[in-house]
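Read the figures in this text as sums done on the coordinates, not as results from a lab. Predicted model, so just to flag it, every value in this text is computed and none were measured. Using ideal geometry, Cβ is built from the backbone for each residue, glycine included, and neighbour counts are taken over all protein chains shown.
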Amino acid sequence: MRAIFLALWGLVAASICGAATIQEDFSSDPLQNGWRVFGDTNLFQWDSTNQNLDVTWDSSQTNSYFYKPLGTILARPDDFSLSFDLQLNDIAWSGSTELAVGLFHFSDATNPAFSRPAADTPNLFEFDYFPDNGVGQPAIVATLTDTNVNSTHKKGFYFVYDNLPLNTGIIYHVVLTHAAGQPTIGGEVSVNGQLYTSLPDVFAGPITNFLIDTISVTSYGNSGGSLLAHGTVDNFVVTLPPPPIQNFSGALTNAIWQAQFLSQSNWLYTLQRSADLQTWSNLSTATPGNATNLVLPDSHPPADKSFYRILASRP
């Protein structure tokens with residue numbers, strides 16, 4: 001599980017606000033803006049002329065991702081959304097295989113066992129298009145998977161869908177949403193500002209929780225079916241909840257060093273100290289956030305300067 005850190009050097013106060021959104025319009029090279037490639041690098045190319053991302057979804061290759069860390073961990077208690085534009089130039093397929101754009105948990109998605117065909121895909125929040133859903137129909141799908149789903153426990157899928165095609169040469173605007181506390185995903189697809197589908201059909205598998213930390217344009221490998229599609233994605237917007245640590249400050253009070261910050265509920269916080277920024281020691285137990293100011297003390301601070309940080313993790 002990933003954790004979020006905020007460090008405080010010495011006894012100097014610091015604060016963090018953090019953006020509530022992540023936006024990407026590909027007006028500049030995304031690889032210089034935090035985006036990275038896992039898998040086949042040839043599947044993703046920045047088009048500097050049209051200012052979008054050229055994508056090849058090729059199921060004959062291994063799982064490949066054009067991805068960017070969110071800088072936080074999303075879970076069931078959070079409100080968040082993802083929107084983007086998608087255009088297909090061409091598509092060919094056999095069997096039931098999808099192309100995907102969405103959010104996932106990076107350490108799960110890069111695990112060799114992670115397999116969409118085998119349903120071994122915990123912690124997904126994504127848009128999928130199946131040109132053939134297995135019974136001869138196309139399917140536009142918004143998919144959410146539980147953190148415990150795997151190839152032997154396949155019930156933890158919740159998805160909404162509509163049996164409509166994505167036609168080539170048309171720009172579709174996709175919006176995926178999650179309401180705080182809900183075991184669901186919602187989605188809409190529009191064309192030129194007009195609703196194409198609200199994904200009215202529901203498969204309500206059980207979702208206890210999920211953990212999401214990365215945005216991705218995703219090409220899944222699939223040895224049992226084939227899909228080869230070319231297209232573009234553009235205009236990503238991820239709307240995030242408030243960061244888990246805000247207004248962080250530190251000070252000595254009666255010879256006790258105290259870190260104070262605005263915490264969020266549904267997070268755990270641990271104060272850590274280091275003399276060299278290499279080895280860190282926990283100074284507190286994992287303390288639940290309370291959605292207001294939280295104080296974590298170091299009751300025995302060293303005489304010399306030290307480094308402090310807060311570890312924020314999901315329960």
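Tell me the label-point distance for the pair ASN89, SER28, using the 7 Å Cα-to-Cβ offset, in nm and rounded to one decimal.
If labels sit at ASN89 and SER28, their model points lie 2.6 nm apart.
Using a 7 Å offset from the Cα along the Cα-to-Cβ direction at both LEU252 and THR41, what is the distance between the two label points in nm, to one decimal?
Rounded to a tenth, the inter-label distance reads 5.1 nm.
Using the charge dipole of the chain (Lys, Arg: +1 at Cβ; Asp, Glu: -1 at Cβ; taken about the Cα centre), state which of GLN137, PHE125, PRO183 has its Cα farthest towards the positive end.
PRO183
For the chain, what does -39500 (n - 2.57) per DSSP helix run (n ≥ 4), summed and divided by total residues, give at 222 nm, in deg cm²/dmol to the nearest 500?
Calculated mean residue ellipticity at 222 nm is 0 deg cm²/dmol.
Multiply the residue gap between ASN163 and SER190 by 0.36 nm, knock off their C-alpha separation, and tell me the result in nm, one decimal place.
On the way: separation 27, 0.36 × 27 = 9.72 nm, distance 1.49 nm.
Full extension from ASN163 to SER190 adds 8.2 nm.
What is the spin-label model distance, in nm, from SER299 to GLN137 if the labels are put 7 Å beyond Cα along the C-beta direction?
6.4 nm
Report the extension gain between GLN51 and THR152 in nm, rounded to one decimal, defined as 0.36 nm multiplied by the number of residues separating them, less their alpha carbon distance.
32.1 nm
Pick the calculated Rg and Dmax of the Cα atoms in Å for this structure from (i) 18.4, 61; (ii) 18.2, 66; (iii) 21.7, 73?
Identified label for the calculated read-out: (iii).
Among ALA204, TRP46, ASN290, whose Cα sits farthest toward the positive end of the charge dipole of the chain (+1 at Cβ of Lys/Arg, -1 at Cβ of Asp/Glu, about the Cα centre)?
ASN290
Could you rank the peptides 130-136, 72-78 by their average count of other C-beta atoms within 10 Å per residue, with the highest value first?
Top to bottom by mean Cβ count within 10 Å: 72-78, 130-136.
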